[in-house]
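Chemist: Just dropping this structure here.
Derivation of every value follows stated rules applied to the coordinates shown; laboratory data play no part. Here the structure is a predicted model, which means the values were calculated and not measured. All Cβ positions, even for glycine, are placed from backbone atoms using ideal geometry, and neighbour counts span all protein chains on display.
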Amino acid sequence: MSETTGTVPKSAVARPATSRLHLPLSLSAREALAAYLFLTPFMVFFLIFVVRAVITAVNMSFYDWQILRPGQLYVGLDNYVELFNDYVWWIAVKNTIVFTALTVFGTTVVALAAAVAVTQPIRGQSVFRVILYMPTLLSVGVVGLIWVWLLSTQFGIINYLLSFLGIRPINWLGDEALVIPALSLTTIWWGFGFPMLIFIAGIQSIPDQLYEAARIDGANGWQLFWYITLPLLRPTILFVTVTGVISHFQVFGQPFIMTGGGPGRGSYTVIYYLFEIAWRAFRMGYGSAVAVSLAVIIAIFTAIQFRLIGRRVEY
Amino acid sequence: MSKRPLFAFLVTILSIFVLSMSVVSIQAQEEEAEPEVLPSPTPAIAELGTGGTHISFWNGLTGSDGVTLNEMLAQFVEENPDISVTTEIVDWNTLYTKLQAAFVAGQPPELILLHASEIAQFASYGVLKDLSSWYSDGGGWFPVDDLSATTYDGMIYEGVPYGIPLDNHGRGLWINTDAFERAGVDPDMEPPTTYEGWVELFQQLTLDVNGNNAASPDFDPENVAQWGFAVGEWPFVNWYSVLHQHGGSMLSEDGTTATVNSPESILALQQFVDLVYTYNVSPPAAGFDTWAGFAAGNVAVLPTGTWFRNFAVLQTDINWKAWPQLQFGDQKATWFGIHTFMVPATLEGEKLEAVERLIQWVSEHQVDWASSGQVPARLSAQAQLDPETYPTNILLGQTFTEYGVLEPKHVAMLELRAAIEPELGAALNGQKSAEEALNDAAERMQQALDRVN
Amino acid sequence: MTLLETYVFRNSGKILAYALLISLSIFVLFPLLFSLSQSFMTNQEVNRWPPPMIPTEPTLDSYRQLFTQPDLKLPIWLRNSLFAAAAYTTAVIVICAPAAYAFARLRFPGNNLLFGLLLLTIMIPGQVTLIPNFLLMRDLKFLDTFHALIWPGAANVFGVFLLRQFFMQIPRELEEAAVLDGASYWGRFRHVILPLSTNALTALGIFVFLAHYNDLLWPFVVTNSLEMRTLPVGLQVLNSSYAGQYRPLVLAGAVFATVPIVVVYIIFQRRIIKGVALTGMGGR
């Protein structure tokens, strides 16, 4: 975080004459007051809809909380103990981690490749940019609808195309080993547009002189990418992967619409399981414990990422 | 580009909106000019009548049965012009979520259609109305003796009836007679009554691309053109029926112990697993669209249910007939459910009176409900069915009355189902053995039972 | 080297770029065009094998049905979605921009601590707050109104983060000139910072707008009546009820829902790129 607020004196000159606040406050106090006023509207909403809600949810996780029941039963840490011993929870965690890893990796690679390609001095840049961003404009329901059909074992066009290569129909969404990769592929298709935009912005912000200098030294295209683009995109990659991990850990719509968690529990994800607990089994308290635990897992993975990629990056 | 992008942004949105509106109205006008007959899906919402007393009615009848019910209600509001009805159809899973939210919000619909197996859960929260005064044994209009004992019992939670039954719906087999003939099997044969008999039949009916059946040594299980059976459609119902055929049950008599890992239960599930992995007569459960497979002629015997009738009649050009539920065990047993009207506990006065009138009207016109494919709940209505039009309803209805089994009454029934269904799927997809899957299911179910009881 | 070879060598980067972009475009467009094509097919045709790519007899029946089925109130749902998303976007910008300014430029006790706290909440799954906020909506009598669709997400942490990064890029000198002219903090924000931020605000506006427009679970839980549904909720009901048997109809609904946002995106896409570039998300 670049705190560069070192140049106050100049403003101090003009301050006393023009201040609208005729309070006998020092400059820094006035600045702080202004800051709090700027923050007030946001903080009101933040406290009500985020902080209060999170506290309520954490509190709920200590109850056997059923939404329709008049009184709720305090159970202490029971929900967390149960969760720790709940093999479905661990299946969901495993599936979610695999899904997130595949999706974040795939999304980052595809987005970066697309961004590098689209920032070359070529024609039709904006056309490609629009095309490649299009899936991101769809809602998850539409994405699911499209891909269920593409991946269908019996009627799917992917299997049809593969049949020309002599490949037998593949049970994409019905095979335990393939279902998570298939959902991941769907998600990469849907979601690489946004990180692509961010990479484009990152690449455009790299000064041309760096490339010029390297070219004079005889670097080829690959070396330019490897020694200039990639290192300078480090903060961007961190941003893309961190936000990617946070959002993909919360995957819900894809399994909900495309597989119903199957085959067996082969595509149960944490939020899918949470949804089942909260709205099918009517157990909001246990569901809250799941949600809180997921937040902890996400925090751990985010911290790891900062460790791995983010050493020299500041936000 | 404008210098004020936000402003431009909002203007764009507005103009798109206006544009889409005008397109819509033009479309609508054209439509009025030349009405066309299209095969219409069930409307997810229907607004019926204009009467002052308004009833909002939620149900999960997303199939063609929803159309039937809407037609009945249209007639009802015609005869009762002071009442108007809005029916809203969402798939069952979604309906449970919406219902909980609506009850919590204090805005439940005036009328709900759920299943008998969910009565215990909702009644235990005190959100359902006690309907004992509507039944004849409480002095009301619904004759108790016009229901099978199982059906009436299904309405009751802790001695109080909370629902009025609309139908019995349950498992039946749809057989593709052409597929039988392709395999050289006479479709008019008597259905087998033992597991071995069924396996033999399915083997004859399963053909590979070269025309060899599954019993032949030259059979190529990698290239099957026609399956004898399909385990994928709602495996819970298959397993539950066969479980009872072997004399097993899902819960102990007193409802405190999960008995889904009993030998009977493991045997029941194993028999279905073997159809896939030992005998190669069924595709695995996941990734095979059973209805489309039947419509495409790829499945000879489809285990489905009463609700399949209209799809089979209207949406396939397959020559078919219905058989009762298959029999793998010593006893006859078949799963069935009851679509049940329920009323929120908070409903009073004029609306309650209107809802009662609606339910009574529908109950007295249950014969019409048969065109949905389902079997009317009232025995008198079942007796009035025309055998020419409703052979499947009559055939399957008799099996429900004679040896149908409902799901156990339990306040955590939805949770118990959520515990077992993925395990059945896992076994049928070869991810776990039947025994492992059912042990895991039993453990989870037992936890739920211990918590609730 | 022949002329051709020289050309290829000189432009190998470009050729590679084209090859990559064209194959990616096929990857992206094929599912979209295939589905678009299916929306013009009959119910029977989509179930055929091998799957037809182009309708043999294109029909507008599904689109017609979209507007004549009495239960599909697509115009109302579209209006709801657009109105709620636009109002929400406005609320986010009005609420978040001043907060972002305070974090970016003003010194006050707890600045870093508070900002760190905000960032932490990004990691909390939306499902955590779903039920508490639902109960709050009930108590405020906001259920089934636009209030429920607009206010709960208005404190958008991502928005504050994005704008703060952007405001920090704006040279301080520009503000100092305003200070010399006697501008208050509000004056600096309103007359110096905001006019310089149109691209960033547009980018944020679009992202926020899209996210809200496509949101499913929250509007599904908090809206009840047919008249208050948003397009994704309506489509989801359509999908879960019809998709098995009326795929072209559902796809036609999807096309109807998608076209408006594609248009919005195409109009603003240049500004979005600039906005993103300047927020520092893309590195510095």
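Chemist: Which entries of B:Lys351/B:Lys409; A:Lys94/B:Lys432; B:Lys98/C:Lys141 show an alpha-carbon separation above 24 angstrom in the structure shown? Walk me through the numbers on the way to the answer.
Modeler: Values: B:Lys351/B:Lys409 29 Å; A:Lys94/B:Lys432 17 Å; B:Lys98/C:Lys141 17 Å.
Beyond 24 Å: B:Lys351/B:Lys409.
Chemist: Between the alpha-carbon centers of the stretch B:104-144 and the stretch C:217-233, tell me the distance in whole angstrom.
Modeler: When both Cα centres are located, 27 Å separates them.
Chemist: Can you put B:Leu251, B:Leu99 in order, fewest other beta carbons within 10 Å first? Kindly include the intermediate steps, with their values, before the conclusion.
Modeler: On the way: B:Leu251 20, B:Leu99 23.
Ordered from fewest to most neighbouring Cβ atoms within 10 Å, B:Leu251, B:Leu99 come out as B:Leu251, B:Leu99.
Chemist: While we're on this one: Which cross-chain or sequence-distant (5 or more) residues have an amide H under 5 Å from the amide H of B:Thr86, H modelled 1.01 Å from N in plane?
Modeler: When sequence neighbours closer than 5 places are left aside, the close amide H contacts are B:Leu48, B:Ile55, B:Ser56, B:Phe57.
Chemist: Express the relative contact order of chain B as a whole percentage, based on alpha carbon pairs under 8 Å and six or more residues apart in sequence. Mind showing how you got there, number by number?
Modeler: Numbers: 818 pairs, mean separation 99.4, N = 453.
So the answer I get is 22 percent.
Chemist: In addition: Sort C:Asp181, B:Asp178 so that the residue with the fewest other Cβ atoms within 10 Å of its own Cβ comes first and the one with the most comes last.
Modeler: So the ranking, lowest neighbour count to highest, is C:Asp181, B:Asp178.
Chemist: Here's something else I'd like to know. At 7 Å along Cα-to-Cβ for each site, give me the label-to-label distance between B:Asp218 and A:Val98 in nm.
Modeler: 4.0
Chemist: Compute the long axis of helix C:12-38 from its Cα atoms, compare it with the longest principal axis of the Cα atoms of chain C, and write down the angle in degrees, 0 to 90, nearest 10.
Modeler: Orientation of helix C:12-38: about 60 degrees from the principal axis.
Chemist: Now a separate question. Can you list the residues, at least 5 places off or on another chain, whose amide H is less than 5 Å from the amide H of B:Thr340, using H built in the peptide plane?
Modeler: Hits under the 5 Å cutoff: B:Leu114, B:His115, B:Ala116, B:Leu166.
Chemist: Where the centre of each part is set by its Cα atoms, how far does the stretch C:139-198 sit from the stretch A:32-55, in angstrom?
Modeler: The stretch C:139-198 and the stretch A:32-55 have Cα centres spaced 14 Å from each other.
Chemist: Hey, what number do you get for chain B at 222 nm if only DSSP H runs of n ≥ 4 count, each worth -39500 (n - 2.57), divided across all residues, to the nearest 500?
Modeler: -13500 deg cm²/dmol
Chemist: Straight-line reach only, C-alpha to C-alpha below 17 angstrom: list the lysines that C:Lys274 could link to, leaving out same-chain residues fewer than 8 apart.
Modeler: Result set, ordered by chain and number: B:Lys3.
Chemist: Please identify every one of the GluC sites (Glu not before Pro) in the stretch B:210-300 that sits in a loop by DSSP and has no more than 14 other beta carbons within 10 Å of its own beta carbon. Each step should come with its number before you reach the end.
Modeler: Working: sites: B:Glu222, B:Glu233, B:Glu253, B:Glu264; in loops: B:Glu222, B:Glu233, B:Glu253.
Here the sparse-neighbourhood loop sites are B:Glu222, B:Glu253.
Chemist: I would also like to ask the following. Return the long-range amide H neighbours of B:Asn319 (sequence gap of 5 or more, or a different chain), with a cut-off of under 5 Å between placed amide H atoms.
Modeler: Under 5 Å from the amide H of B:Asn319: B:Thr177, B:Asp178.
Chemist: For C:174-182, what's the mean count of beta carbons from other chains sitting within 10 Å of each residue's beta carbon? Present the calculation step by step, with values, prior to reporting the outcome.
Modeler: On the way: counts 0, 1, 5, 1, 2, 7, 5, 2, 5.
Average neighbour count from other chains, rounded to a whole number: 3.
Chemist: Any chance you could get the radius of gyration and Dmax over the Cα atoms of the stretch C:80-238, in Å?
Modeler: My reading of the Cα-based Rg and Dmax gives 18.0, 60 Å.
Chemist: Straight-line reach from B:Lys321: which lysines have a Cα under 30 Å away, not including same-chain ones fewer than 8 places off?
Modeler: B:Lys332
Chemist: Pairs of alpha-carbon atoms within less than 8 angstrom and 6+ residues apart define the contacts here; what relative contact order does the stretch B:321-441 have, in percent?
Modeler: That works out to 28 percent.
Chemist: Name the helices (complete DSSP H segments) of chain A with a Cα length along the long axis of 30 Å or more and a Kyte-Doolittle mean of at least 1.6, or state none. Don't skip to the end; give the middle numbers.
Modeler: Details: long enough: A:87-118 (45 Å, 1.69); A:284-309 (37 Å, 1.80).
Span-like helices in chain A: A:87-118, A:284-309.
Chemist: Sort C:Lys141, B:Lys332 by Cβ crowding within 10 Å, fewest neighbours at the top.
Modeler: So the ranking, lowest neighbour count to highest, is C:Lys141, B:Lys332.
Chemist: Sticking with this structure for a sec: Counting only complete DSSP H runs, which helices of chain B cover 30 Å or more along their long axis at the Cα atoms and score a mean Kyte-Doolittle of 0.5 or above?
Modeler: B:5-33
Chemist: What list of ³J(HN,Hα) couplings, whole Hz, do you get for the stretch C:129-135 from phi and the Karplus terms 6.51, -1.76, 1.60, once you set θ to phi - 60° and write x for glycine and proline?
Modeler: Listing the rounded values in order: 8, 4, 6, x, 6, 4, 5 Hz.
Chemist: Rounded to two decimal places and with Rh computed the Kirkwood way over Cα pairs, what is Rg over Rh for the protein assembly as shown?
Modeler: Checking Rg against Rh, the ratio lands at 0.99.
Chemist: Counting alpha carbon pairs within less than 8 Å and at least 6 residues apart, what relative contact order, in whole percent, applies to chain A? Show your work: numbers first, answer last.
Modeler: Details: 306 pairs, mean separation 85.6, N = 315.
The value is 27 percent.
Chemist: With a 10 Å radius around each residue's Cβ, average the other Cβ atoms per peptide and rank A:68-78, B:361-371, highest first.
Modeler: B:361-371, A:68-78
Chemist: Could you tell me the distance between the Cα centroids of the stretch C:19-80 and the stretch C:84-120, to the nearest Å?
Modeler: 41
Chemist: In what sequence, highest mean first, do A:230-239, A:197-206, B:141-150 appear when ranked by Cβ atoms within 10 angstrom?
Modeler: Values: A:230-239: 19.5, A:197-206: 23.1, B:141-150: 16.2.
Final packing ranking: A:197-206, A:230-239, B:141-150.
Chemist: Enter the mean number of other protein chain beta carbons within 10 Å of the beta carbon of each residue in B:373-386, as an integer.
Modeler: The per-residue average across the peptide is 0.
Chemist: At 0.692 mPa s and 37 °C, plugging the Kirkwood radius over alpha-carbon pairs of the stretch B:148-216 into Stokes-Einstein gives what diffusion coefficient in µm²/s?
Modeler: Numbers: Rh = 15.5 Å.
The Stokes-Einstein estimate is 212 µm²/s.
Chemist: Ok, one more. Please quote Rg/Rh for chain C to two decimal places, taking the Kirkwood radius as Rh and restricting both calculations to Cα atoms.
Modeler: Dividing the radius of gyration by the Kirkwood radius yields 1.07.
Chemist: Provide the three semi-axes, in whole Å and in decreasing order, of the ellipsoid equivalent to chain A as defined by the square roots of 5 times the Cα gyration tensor eigenvalues.
Modeler: 40, 36, 17
Chemist: Still on this structure: With the crude spin-label approximation of a point 7 Å out along Cα→Cβ, what separation in nm comes out for C:Phe146 versus B:Asp254?
Modeler: In this crude label model, C:Phe146 to B:Asp254 measures out at 6.0 nm.
Chemist: Hey, got the average number of other protein chain Cβ atoms within 10 angstrom for residues in B:407-416?
Modeler: Average neighbour count from other chains, rounded to a whole number: 2.
Chemist: As a check on your grasp of the helix formula, calculate [θ] at 222 nm for chain C: sum -39500 (n - 2.57) over DSSP H runs of n ≥ 4, divide by the residue count, round to the nearest 500.
Modeler: Calculated mean residue ellipticity at 222 nm is -23000 deg cm²/dmol.
Chemist: I'd like to know which of A:Trp90, A:Leu33, A:Leu47 lies farthest towards the positive end of the charge dipole of the stretch A:24-115, counting +1 on Cβ of Lys and Arg and -1 on Cβ of Asp and Glu.
Modeler: A:Leu33
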